[in-house]
Structures are given as C-alpha cells and as structure tokens.
Amino acid sequence: QITTLINHKDKPKRSDKTLQAIQRVGQAVNLAVGRFVTVGEAIANENHELKEEMSVACIEARRAGETIAQLTDVASLDHPESDSHITIFTDKTGVVKAARLLLSSVTKVLVLADRIVIKQIITSRNKVLATMEQLEKVNSFQEFVQIFSQFGNEMVEFAHLTGDRQNDLKDEKKKARMAASRAVLEKCTMMLLTASKTCLRHPDCESARINKDGVFHRMRLALEQVIEIVTDSRPNGENEMAPISIYSGIKEFKNKVEGLRENLYFLSKENLSAMLEVILEHTEDFTDSAYTSHEHREHILELSKQAKMELEQLVSVWMQAQNQKTKDLMEDLEVAILKTCQCMNELKREVHGAATSLAADLLKYHTDHMVLKALKITGVEGNLEAVAEYTCKLSEQKEQLVEMCRLLRHVSGTEPLEITCIHAEDTFQVTGPQIISAAETLALHPSSKIAKENLEVFCEAWESQLSDMSLLLREINDVFEGRRGEKRVYLSLPRPGKHNANLKALKPVKLDSEEQAKIAKLGLELHLLTSDVDSETEKWEDQENEIVQHGQGMSSMAYSMYLFTRGEGLLKTTQDLFHQAEIFATEGTKLASALHALSDQVHDDDKPLLLLEAEKLISMCKQLQITAKASAQGKSATFTKVDACILKTRNVMTLLCQLLPLCCKLLRKNKAGNGCLKPAPPWKEDRIRTGTNARTPERRVDTFGIKSLENHVTNMTFLESK
C-alpha cells in the first residue's frame, strides 16, 4: 500500500474515484499500524527490560501512520493544490519521509519482539537443563515422579515455543535442522522416562546406567542444536561445515561449465578440474562400499573415467577459443559442453540408482524386525548367550543402515532432505547401541517389567526410523524424477495441465512492467476489498461456519490475484491467474449453495433478499468462469482477458463485502442470545492462532508430540505394584 502511494503518477486531472482510492489506502495503512502498535505495546508492558525501546518504536510508528493518513486525506478537496491543507499532491516528500520512518520503526518493533521470543526459548531450555540435572541425580522413585512431572511440563512449553519458531523460519535448511532436533527431543523424552526407571530399579546394573547416560547426552546435544539455530550461532564461533554431496557438486560443476557459453574467462581450468576431482572422490563412497552391486560399481568407475576425458577435451577447445574466437571453435566448444554435462547427468543417474536400489532392498529385508523380536524373547528368557548373538546381528544391521543413509545423502537432491538423511544416520548410530544395552539389562534381570518396557521403547524408536526411511526414499525419488513441485502450494491453485486438456497448446506468459502499471489500480481495488472481506469474516463468532470458510478462501485467492498484478506471489504466469480465477468462481458457487441453505433457516421476510443476492453471485461466478476459460491468442488479447478476470473478481468481492454482514445479521436475528459478533482477541491468543489475514495456505506445523506428551505427563504411572 505504501509503495502504491509513493509510486502514484501525478496527473493534472484527478477523478473522485482516484481521490477516494488514495484516501482509503492512507486510512488502511493507519489502521494497520494502529493494530500493529497495540500488539507492540502489549508486549512492551510484559517485558520491562525492553519496554523503553519498544515504546519509542511504537510511538514513532503510530506518528508515521497518522502522518500518512493526514497527507492522504484528499477525498473531500475539490482543488487540493490551491487549499492551505497539505496533502500528498502538495508535499510528496512528506509521504516519503513518513513511509521511511514507518518502515524503520516497524522493523525495530519486529526485531525487539524477535529478541523477546529468542530469550523465551533460551530461558525455557535452561529450565529443562536444570531439571534434567536433578533427574540424573535422583535416588528414589517418589522424588523422581515429582521432578519428572515438572520436567514433562517444561518440555511441553519448550515444544510450543520451538514449534512456533520452526514455523517462522524462512530458511528451509534451518527448518529441517530444527525439525530433526525436535524429533530427537520427542523420542528421548519417553526414553528418558523408561531408562531412568530401569536405572532406579536396578542401581547396580552397568548396562542400565550406560543406557540412561546415552539418553541424557543425546537430549543435551539436541537442546544445544535448537539454541544454535534460534540464535544463528555456533559454539566457540566455529563455522558449520556441511559435507558436500555428489548431487550438489555436480550441479555446481555443470553451472560453471555452462557458464563458459557467456564468458570464457570467468574461471580457470584448474578450478574446473579441482571441482571434478572432488565429485569423483565422493563417488568412492559408492565404489568402496561393500553394499554397492558389482554392476553399479563398474558403471560408476566407467563414467568417472569418461568424465575426466570429456573435461580434458572441453579444456582443450576452451583454451583454443580463448585465443581465437572462430565460428568452428565456438561450435566445438558447445559440443564439448553438452557432452561433459551429459556425462555428469549419467553419473548422477547411476549413483542415484545405486543408492536407492540398496535402500529399497535393505528396507524390504528388515521390514519384519526379526532381530528386535529375537532380542525381546531371549532377553525375557535371560539367555545372555543368545542376546550376545543377536546384538552382533543388530550391529551388522546398524552398519548397513548407516551406510544406506550416507549414500542416500549424496543423491537426496535438496538441502532439507540431506539434513534428514544425516539425522537418520545419527539416529541409527545412537539407537543401535542403546537397544543393545537395554537388551543386556533385560537379560540380566529377565523378570523386570521396567527393563522389558525400556527395551520396547528403544525398539519402537528403531522401527519408527525404518518407517520414516521409506517415506524419505519416496521423497528422494520424487525430487529426482521432478514430481515434487513447490512445497507451499497456494490454496487450490491447480498445476498447468491438470484441469484443462488444451493447456499444452498454450504458452504461459507474464505481464510486462507496462501491463502491470495499467492494471495496478484495479489490483489495488481488489486488495482493499480483500481487507474488507477479512474484517467482516473476523467478526463472526463461528469461524467454522461454511459461509465464513468460503469467504476466507475467496479472499485469499483474490489476494493472490492482486499480488499477480504486482508481479509477485505464487501466480507466476497468466495461465496461473486464469486457473485461479476458475477456482475462485467455483468457490463462489459453493458459497451461493451455502446461502440457499441459510435461506431455509431465516424468516420469510428475509428470504427473498438473501435468495436474490445468491442468484447475483451465481451469475457473476458463471461469467467469470466463462471469461477464464475463453481462449486468447496474442499479447493484446491475453492482457484484455487478464483485465476482465481481475475486474470480474473485483465485482464478486464487492458483492461478498455486502453479503457477509447481511448473513451475520440474519443469523443473529434468528439465533437470539447467540450473537455472531465477537471482540478482537488479545495479542497473546493472536500469536498462536492462524489468522484469517494469513496469506499463505501453510498450516502451522504441530509441535512435536505435544498431545501425546501432555497425556503422558498427566497419566504417568511410574511405580510398579511391587
């Protein structure tokens, strides 16, 4: 909205509609700032150490918002330039200054609020660590029960805080690391319970102590990693050195090779040779592995040798082209580039096949969990010799699975999946020895219910990780085969080709800057209408009401169409826009059906008006669908179609702004005593609920096992009957 104000073109003639639009934008900015500042002030009152800084930033923001509202108060002026009243037309620099002050003060409020959130997470972590130390030293069941109850509540609080933080992270790599750390904490919370109980019941058992110590150590590492992610720091200032995968190495190498088409001098042949050398060194993880098939090993070695030869040929032609740029040499260079890239693609395909076929075979082979079952049986029998035999088999299985994770990491295709592979490798590395120590404890105390329960918990963690590996393998294959699209799909936005058989014949295009400028005003009107609709839906007490949900969905889709007019958002091409318009119209038709259903509940006097509005909505949605489905050839026709779709969407949204308060009024009238309206929620509630103004479809990720953890803490039964 601020950008629209600053970029508006000064024209000698200004229509009433233009003046009204400018005033509405100014008022909308001021209202938004007011709501924002109210939240900031509430946070300041609860955090005295930052109260002064936060209050100053809030005052600056409020002042800037009011200034913008004053400068855009132009709708009532017939000749603003001749009036003594200063407006955006007489003092545009005033708007620019106010906008800069507003953006800097809003940023300051956000940064201060973020510092508070980080402090809350660190404080929560410190509480958990302090209670863990008490749990480690406890000597009686009664004391353990009391402290673990406190520990469980603290872990639930930590889960909520870190879950919110994970949702807020923009970096997918950090998000994956946070998810991995929180998964460890979830599983270890249950392990800590049974491992500690076992140690208390059998205080002289060395294997029980080793088992418990392993859980505490792993939890501390996971807690430390969460703080590293939240504070964006490493202990002792060291940098995180993530191992390079074959996929990322090949991708970077190909980018450099293809860059030679544009610039023959931007890197040296030594750099290119070194990059290939690193990739080929990593392929040794496959060729040296005992689990790689003979056929895959031979193919990888052949392709590695071929890659060296192709690079030699490329370097030879490249050096010649640097000295003499003839047409023949440039054609030879193009051929060499294509052959080198093709060879690297084949190498990538080969290592992918080697890793995924090994993973599929291992997961299928270990799906029956025979070794775990045998350990449980022999442990209950107290058969130490048989337990020792099966622990050796589990160690072999662990080595196989760890090797599988290492190879899968090389071909995972994305950084988040790489991190998931590393997490899986760590889980197998740690959980294997913990199962062994738990099984040894059970074999030494075969009648102990607690020792048996403890072994069950660790076996379940192993089985769960194997199950997760099947899903991970599927994701890796999806990435390789290009089936995995953008993670954040916007509402019901369909993919090209999914809903229309004629799409393949159409070439998706984007609006150029001139077209964006032409449609900007219409887009702004659409944006203001989405704000109005959101305001109306927020007034409904029953947010699950079908009418509200359809209204919210339509508002979100209209907002994505507004972003398209600015060249932003997930609607990248005109074809995306037309698809979204179709889905918007369908949603409008569903809303009309809900209105018909409501008409059956209202008094006869009110029914005709509601039915009339519903019929209007159906008619408008049909017109929009016809427009969106109509073919358009050529740039001019396509832009006309875009303009018509946005215009008709705006008309539907205008009607929606009238319908929502009408429906709420009728429901209130028919349900005396159950008002539809509700007051705005306090900022604390607002922080954790998903607001209707949210512009992404992404659901908030559930915090790790919170429900199960809360239930577990509530229903704890630690003491055995004897």
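Values quoted throughout were computed directly from the atomic coordinates according to the rules given, and no laboratory measurement underlies them. Just so we're clear, the structure is a prediction, and the values are computed from it rather than from any experiment. Counting neighbours? That spans all protein chains shown, and the Cβs are built from the backbone with ideal geometry, glycine included.
Label-to-label distance for D643 and E399 is 7.3 nm, based on points extended 7 Å past Cα in the beta-carbon direction.
When restricted to Cα atoms, the stretch 364-475 yields an Rg and a Dmax of 15.0, 49 Å, respectively. Other residues within the sphere of radius under 9 Å centred on the Cβ of I337, judged by their own Cβ, net out at 0 (K and R +1, D and E -1).
The Cα atoms of the stretch 136-231 cover 48, 25, 18 Å along the three principal axes, with the biggest extent listed first. For R474 and A32, the difference between the fully extended length at 0.36 nm per residue and the C-alpha to C-alpha distance is 154.7 nm. On full extension, the segment bounded by E298 and E262 gains 9.4 nm, given 0.36 nm per residue less the C-alpha separation.
For the stretch 256-359, the equivalent ellipsoid derived from the alpha-carbon gyration tensor has semi-axes of 31, 12, 10 Å in decreasing order. Under the simplified labelling scheme, the V380-K590 pair shows an inter-label distance of 5.0 nm, with each label point 7 Å from Cα along Cα→Cβ.
Taking each residue as 0.36 nm, the span from S273 to I244 lengthens on full extension beyond its C-alpha to C-alpha distance by 8.8 nm. For the residue pairs K175/K197; K305/K348; K590/K629; K187/K393; K305/K327; K137/K173, the alpha carbons lie more than 26 Å apart in K175/K197; K305/K327; K137/K173. With Cα atoms as the point set, the stretch 513-670 shows a radius of gyration and Dmax of 16.2, 53 Å.
Shown is the FRET efficiency for E615 and D114, computed with R0 = 45 Å from the Cβ-Cβ distance and rounded to the nearest 0.05: 0.35. Put a dot 7 Å past the Cα of N345, heading toward its Cβ, do the same for S535, and the two dots end up 5.5 nm apart. Neighbours of G26, meaning other residues whose beta-carbon lies under 11 angstrom from its beta-carbon, give a summed charge of -1 when Lys and Arg score +1 and Asp and Glu score -1. Assign one of three labels to the stretch 557-601, namely rounded, prolate or oblate, based on the Cα gyration tensor with a ≥ b ≥ c the square roots of its eigenvalues; rounded applies when a/c is under 1.5, prolate when it is not and a/b is larger than b/c, and oblate otherwise. Here the stretch 557-601 falls in the prolate category.
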